[in-house]
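Asks: Mind having a look at this structure? Questions to follow.
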Amino acid sequence: MSSMRQLMKQAQEMQERLQRELNELVVEASVGGGMVTVRMSGHRQLVGCKIDPEAMDPSDPSMLEDLIVAAVNEAGRKIEETMQGKMGSMAASLPGLF
C-alpha cells in the first residue's frame, strides 16, 4: 500500500510540474519565409503576431489570411509536440505507474 501511495504522490507531482511548464511555455512559429510570425502560450492563447508589410497586399487579402492560419496551426502543433515530449519523459521516470 505504501508503494501505491508513493506512486500516486509522484503522479501528482508530475501533473503539477507539467502544469507549471505549460504555464511558462511560449512557442513561436513563422511561415511564408518569415512573412507571418506568431507566438502562442502553452494554453494555446495567441500572445503575439508580427506581419511583414510585404504580406499585406490589398489586392490579395486571402494570402495574408492563409499565412495567419498556417502560422497559428503550426504554433499549436509545436505546443502539442513539446507537451507530448515532456509527458513522455516524465512518464518514463514513473515506470510502475504507466
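Since every read-out is calculated from the coordinates, none of them should be taken as a lab result. Nothing here was measured: the structure is a model prediction, and the numbers come from that model. Positions of Cβ are backbone-derived with ideal geometry, glycine not excepted, and every protein chain shown enters the neighbour counts.
Asks: Considering only region 48-83, state which residues are within 18 Å of ARG20 (Cα to Cα) and in contact with a strand residue (DSSP E or B) (Cβ under 6 Å, 6 or more places away or on another chain).
Replies: Listed by number, the residues that qualify are LYS78, ILE79.
Asks: Across region 8-50, what is the total count of residues that are charged (D, E, K, R) and in contact (Cβ under 8 Å) with a residue 40 or more places away in the chain?
Replies: 3
Asks: Among the residues of region 1-57, write down those that are more than 20 Å from ALA75 (Cβ to Cβ), in contact with a helix residue (DSSP H, G or I) (Cβ under 8 Å, 6 or more places away or on another chain) and among the hydrophobic types (A, V, I, L, M, F, W, C).
Replies: Scanning region 1-57 gives MET14, MET56.
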